[in-house]
Amino acid sequence: MPVGLFQRLSAEHAGLRPVGGLVEAVRAVKDEGEIAALRRACAITDEAFSLVVERITPGVTEREIARWLEAAMVELGADKPAFDSIVASGPNGSIPHHSPSDRPVERGDLVTMDFGARYDGYHADMTRTVAVGPLAAWQRDLYDLVRQAQRAGRHAVRPGATAHEVDAAARDVIAEAGHAERFGHGLGHGVGLEIHELPFLGPGRTGRLEDRVPITVEPGVYLPGRGGVRIEDTLVTRGDGPELLTLTTKELLVL
């Protein structure tokens, strides 16, 4: 509203007070119609990945891959991409929010792709890391570690679980492997009409998950100058176990 209107209302209604977070907390829980839209957004995301991954070969650039992903999602029925896609190859994979560059993919690279479709206003979010050509032992070990951590985080998602507990389920796996300092962001966040919504999963985060809350689980390990791995799914809390919305395999794909 205009500042003038706000000032007039404030003067006329001395009882006005801020209620920050009220709407955000209420809309964290989705109805089945909203979840259906999210499910479709995630299906488009999965299909776009399956179309683009076949085109990734040595020599294509990060920007090209990002453009392919975003074009595929729109062609498959997305309103638009849910956010600016992240594509990080080789040593750029050590930067969690790397912006796609003109770096060409090289044989022996890990390539991390973080992207999603928006459908009917609802946002999907998925990350997969793939290999281009034969990998070193440390790369395979790193992938296996993140996959184990991501599985542990997913299995901890249930109504009543605290945001800290879910984060710790994945973070402890990474810490026990000696990489605690290389996982520097929260485990996940809510998704819906915005790409980042309540709740947020991370160390020190408060609150408990409720039924029908869509969230991401996205652990990563990032080794400066070498590369990194992140694996992310969008899922929904359910009383009988989380419903996975992003269904692309988490087996290591070697292209």
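Order these by the 10 Å Cβ neighbour count, fewest first: PHE115, PHE200. The partial results should precede the final answer.
Values: PHE115 27, PHE200 17.
With the sparsest Cβ surroundings first, the list reads PHE200, PHE115.
Select from ALA41, ALA161, ALA78 the residue whose mean-square fluctuation is largest in a Gaussian network model of the chain (Cα-Cα springs shorter than 10 Å).
Most flexible of the set in this elastic network: ALA161.
Please find, in a Gaussian network model of the chain (springs between Cα atoms separated by less than 10 Å), the residue of ARG27, ARG118, ARG151 whose mean-square fluctuation is greatest.
Of the options given, ARG27 has the highest mean-square fluctuation.
Could you tell me the relative contact order of the chain? Use alpha-carbon pairs under 8 Å, at least six residues apart, and round to a whole percent.
Values: 578 pairs, mean separation 55.6, N = 255.
Computed over the chain, the figure is 22 percent.
Counting only DSSP beta bridges with both residues in the chain, what percent are antiparallel, rounded to the nearest 5? Numbers along the way, then the final one.
Values: 32 of 33 bridges.
Around 95 percent of the beta bridges assigned by DSSP in the chain are antiparallel ones.
To the nearest 10 degrees, how steep is helix 163-176 against the longest Cα principal axis of the chain, on a 0 to 90 scale?
Taking the Cα atoms of the chain, the angle to 163-176 is about 20 degrees.
Could you line up HIS189, HIS13 from fewest to most neighbouring Cβ atoms inside 10 Å?
On the way: HIS189 23, HIS13 9.
Going from sparsest to densest Cβ surroundings: HIS13, HIS189.
Which value in deg cm²/dmol, rounded to the nearest 500, describes the helix-derived mean residue ellipticity at 222 nm for the chain, given -39,500 (n - 2.57) per DSSP H run of n ≥ 4 and division by the residue count?
-10500 deg cm²/dmol
Where a number appears in this text, it was derived from the coordinates with a stated rule and is not lab data. Just so we're clear, the structure is a prediction, and the values are computed from it rather than from any experiment. Reconstructed Cβ throughout: ideal geometry from the backbone, glycine too, with neighbour counts over all protein chains shown.
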